[in-house]
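What follows is a short report on a single structure.
Values quoted throughout were computed directly from the atomic coordinates according to the rules given, and no laboratory measurement underlies them. In this text the structure is predicted, and so the values were computed from the model without any measurement. A quick note on method: Cβ atoms are made from the backbone with ideal geometry, for glycine too, and the neighbour counts reach across all protein chains shown.
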Amino acid sequence: MASVGKGDPSAHLRPTTDRVRENLFNVLASGRFGNPLENAQVLDLFAGTGALGFEALSRGAERLWLIDNARKSAELIRKNKALFDPNVDITFRPWNLLQLPPCPGAPFDLVFLDPPYGKDLGQNVVPKARAKGWIADDSLIIWEEQGEMLAPEGFCSLECLRYGDTYVTLMRPQ
């Protein structure tokens, strides 16, 4: 992965720590939620560096879309994408998630969401992404925030994991 250092607070770029990422992927591999990584169609919203999506690819996911409109994120995602075989199905779009267009293809069954903390962006983006065809009916959504997130209408919370001041809420569409 391209070096991200401590991120870029002015761009709200706060990379998921190695500890959180490792623990999260151990939970996903545990079988408690089926086998969400095998041949997964992964959507990484507010992708930042793309670390979560790229980790999913390295653990068996089949396709990855990353969306983030921060200039620094775009630069890091492009560098990280270049580290993968060019035949791997990776798409990056520098879009504003509040103006997300309809999904151009099949919906995604594993969704990472790591919005800037404390701005309620996820509460707006998750229902919008589902309404526009991005989120499959049986998808697993993994939402990283500064506190436990309440599932938006039409979704149900499965579990909340806490790692220091980072909370990871897992949910599914109802």
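Short-range pairs are left out: with C-alpha atoms under 8 Å and at least six residues apart, the relative contact order of the stretch 98-157 is 43 percent. Each of Trp65, Ala131, Leu37 was scored by the projection of its Cα onto the charge dipole of the chain, and the greatest displacement toward the positive side belongs to Trp65; charges sit on the C-beta of Lys, Arg, Asp and Glu.
Summing charges over all other residues whose Cβ lies under 15 Å from the Cβ of Pro102, with Lys and Arg as +1 and Asp and Glu as -1, gives +4. Net charge dipole, the stretch 31-96: roughly 240 debye, given to the nearest 20, about the Cα centre with Cβ charges of +1 for Lys and Arg and -1 for Asp and Glu.
This ranking places Glu62, Glu145, Glu75 by how few other beta-carbon atoms lie within 10 Å of each, fewest first, which gives Glu75, Glu62, Glu145. With N the number of residues in the chain, Rg(Cα) / (2.2 N^0.38 Å) evaluates to 0.93.
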